[in-house]
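The values are calculated or read from the model by the stated rules, or taken from the named source; none is laboratory data. Nothing here was measured: the structure is a model prediction, and the numbers come from that model. Because the Cβ atoms are built from the backbone with ideal geometry, glycine has one as well, and the counts that use them run over all protein chains shown.
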Amino acid sequence: MDGAAPVFLAQEAWAGMIFSSGWGKAAGGAYEVTAPADGSLVGLVGKDNAADVALAAAVAAAAQPAWEATAPERRAAILSLAADALEQHREELIPWIIRESGSIYPKAAIEIEHSAGFLRAAAEAAMEPTRRLVASLDGRDEEVIRVAHGVVGVISPFNFPLILSIRAIAAALATGNAVVHKPDPRTPISGGIIIARIFEAAGLPEGILHIIPGGAEAGTALCEDRNIAMVSFTGSPNVGAKVGEICGRNLKKVQLELGGKNALIIQDDADFALAAANAAWGTWLHQGQICMATGLILAPAATAEAFAAELAVKAARLPVGNPATEQCALGPLISDGQVALVKAIVDEAVAKGAKLLAGGTPVGRMFPATVLSGVKPGMRAFEEEIFGPVAVVVAYDSDDHAVELANMTEFGLAAGIIAKDIERARKLGMRLKVGHLHINDQTVMASPNAPFGGRGKSGNGSRISGPAIWEEFSQWVWITSRPDAVMYPF
């Protein structure tokens, strides 16, 4: 013994493996996970195919009834122990998130902190009452109870891989479901391996949680498998539409949390410096690769150009680099394809008359903080979710005009309003077609105690977290009873 501390995420335990009734090889083989910043090898994980999904789903379905029958106190304790494990190994796990997803240190630290919060909130939810008495029309004893769906399939994205996996997994486990989880193939360690390890440490019974990294084949199989009763998907609207279609065809419950084109409205009484700080954070955090990112900054016409200029000053001060090796404010975009998409949107806006005040020219996957002013409807920068570090400043003439501009999008996730007159801001905000409204804050906000989700192209109206845990991850059963059976006339 050399006295060295044990390594919680020791690669020899999981390299090239999947987590399905313990660690083992996948029928689909294995693949290398590389860092978006420099292409270096992060790790080797198992690669699932349809056969792996079918086996995992069958095992989960067999194990689930015993988990649902487990006392709520025990389920809550396991979720809390998983949160403890995350927090205990925080400093070991943060570098994995940084390398694999291109996160800066503070963002990676937020993933650990918030994921633990989602686990603890789910533990509390596990203890909530699941039975209600209902009024009877004919003297029967009547009640309704909440029961688990059975097996929940979870599909998560690359941008916040740990949080956006754990929030659904924890909710499903709290309500008595088993889980088959497919993390994004670009972030299977942060979005999968870490989760498997914390639940191993927490003592989750075997067969209840399966982590199956893979691509489209695994995702399709997850949506089609008859042993999976519900799919919780977080990702792009295009893929979400396909997931919804497959689940609908198989008469399967589906929860879709998709993208956003989120407006931050700067009212004419707002503090200029505070408004600029909120706009910068909401737009450039994690390179804008967040469904809640501020996609439109709506500023009064009289000050819009000055506001954009202030953002350009901020943009120039934000270094871009490899967060694993450099002090930087922005890391890499996730792929070359995403770089090309963001660049095309910026170039199209400039060609149509917008002004490029900062950034706009990537170096490899490093895309600097970018500012566009004079953006108008009809430009891709106005219409599309960019998923890149581009501040889109749009001038408005009145409160009615601001509402009109904010509601032009097909999305409906989040909105923020910066103002001194709170009553006026709230009245304006209630006219916005969104699922989250933040007065005097930017748009990137989430809480394990609040129902998360949006309208329109941002999802299918479902929610996750907070009071939505039991609403989404369980269903009602109506039970009636009489002392004796009655004689019917037939």
request  = State all residues of region 433-443 that are in contact with a helix residue (DSSP H, G or I) (Cβ under 7 Å, 6 or more places away or on another chain) and surrounded by 21 or more Cβ atoms within 10 Å (Cβ to Cβ); if no residue qualifies, say none.
outcome  = GLN442, THR443
ask   = Is it the case that region 259-270 has a residue that's surrounded by 24 or more Cβ atoms within 10 Å (Cβ to Cβ) and over 21 Å from ASP397 (Cα atoms)?
value = yes
ask   = Can you name the residue in region 285-312 that is assigned to a helix (DSSP H, G or I) and under 17 Å from the mean Cα position of the chain (by Cα) and is also surrounded by the most Cβ atoms within 10 Å (Cβ to Cβ) among such residues?
value = GLN287
ask   = Among the strands (runs of 3 or more DSSP E) contained in region 30-133, which hold 2 or more residues that are under 15 Å from GLY191 (Cβ atoms)?
value = 30-34, 41-46
request  = Assess whether LEU341 counts as being under 30 Å from PRO185 (Cα atoms) and touching a His at 6+ places or on another chain (Cβ under 9 Å).
outcome  = no
query = What tally of residues in region 51-73 results from selecting those that are in contact with a helix residue (DSSP H, G or I) (Cβ under 6 Å, 6 or more places away or on another chain) and surrounded by 18 or more Cβ atoms within 10 Å (Cβ to Cβ)?
reply = 1
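One line per residue, one yes/no per condition, for (1) in contact with a Gly (Cβ under 9 Å, 6 or more places away or on another chain); (2) over 27 Å from LEU119 (Cα atoms); (3) exposed (fewer than 14 other Cβ atoms within 10 Å of the Cβ):
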residue: MET17; (1), (2), (3): yes, no, no
residue: TYR31; (1), (2), (3): yes, yes, no
residue: LYS47; (1), (2), (3): yes, no, no
residue: ARG75; (1), (2), (3): yes, no, no
residue: SER80; (1), (2), (3): no, no, no
ask   = Within the set of pairs 6 or more residues apart or between chains, which connect a residue that is within 15 Å of ASN177 (Cα to Cα) inside region 191-209 to a residue that is of a type in the set (A, V, I, L, M) and surrounded by fewer than 20 Cβ atoms within 10 Å (Cβ to Cβ) with Cβ atoms less than 8 Å apart?
value = PRO205/ALA63; PRO205/ALA66; GLU206/ALA63; GLY207/ALA62; GLY207/ALA63; ILE208/ALA63
query = Restricting attention to region 158-165, does a residue exist that is within 20 Å of VAL59 (Cα to Cα), surrounded by 24 or more Cβ atoms within 10 Å (Cβ to Cβ) and of a type outside the set (A, V, I, L, M, F, W, C)?
reply = no
ask   = Taking the stated definitions as given, is VAL444 touching a strand residue (DSSP E or B) at 6+ places or on another chain (Cβ under 9 Å), part of a loop (DSSP other than H, G, I, E, B) and not assigned by TED's automatic domain parsing to the domain that holds ILE297?
value = yes
note = Over region 357-375, the set of residues among the aliphatic types (A, V, I, L, M), touching a strand residue (DSSP E or B) at 6+ places or on another chain (Cβ under 6 Å) and assigned to a strand (DSSP E or B) is LEU357, ALA358, MET366, VAL371, LEU372
key: Failed condition for GLY378, given (1) assigned to a loop (DSSP other than H, G, I, E, B); (2) buried (at least 24 other Cβ atoms within 10 Å of the Cβ)   = (2)
query = What's the number of the condition GLY207 fails, among (1) part of a loop (DSSP other than H, G, I, E, B); (2) more than 20 Å from PHE387 (Cβ to Cβ); (3) of a type outside the set (D, E, K, R); (4) in contact with a Lys or Arg (Cβ under 9 Å, 6 or more places away or on another chain)?
reply = (4)
inquiry  = ASP336 - would you say it is over 23 Å from PRO106 (Cβ atoms), surrounded by fewer than 21 Cβ atoms within 10 Å (Cβ to Cβ) and touching a residue at least 60 places away in the same chain (Cβ under 8 Å)?
reply    = no
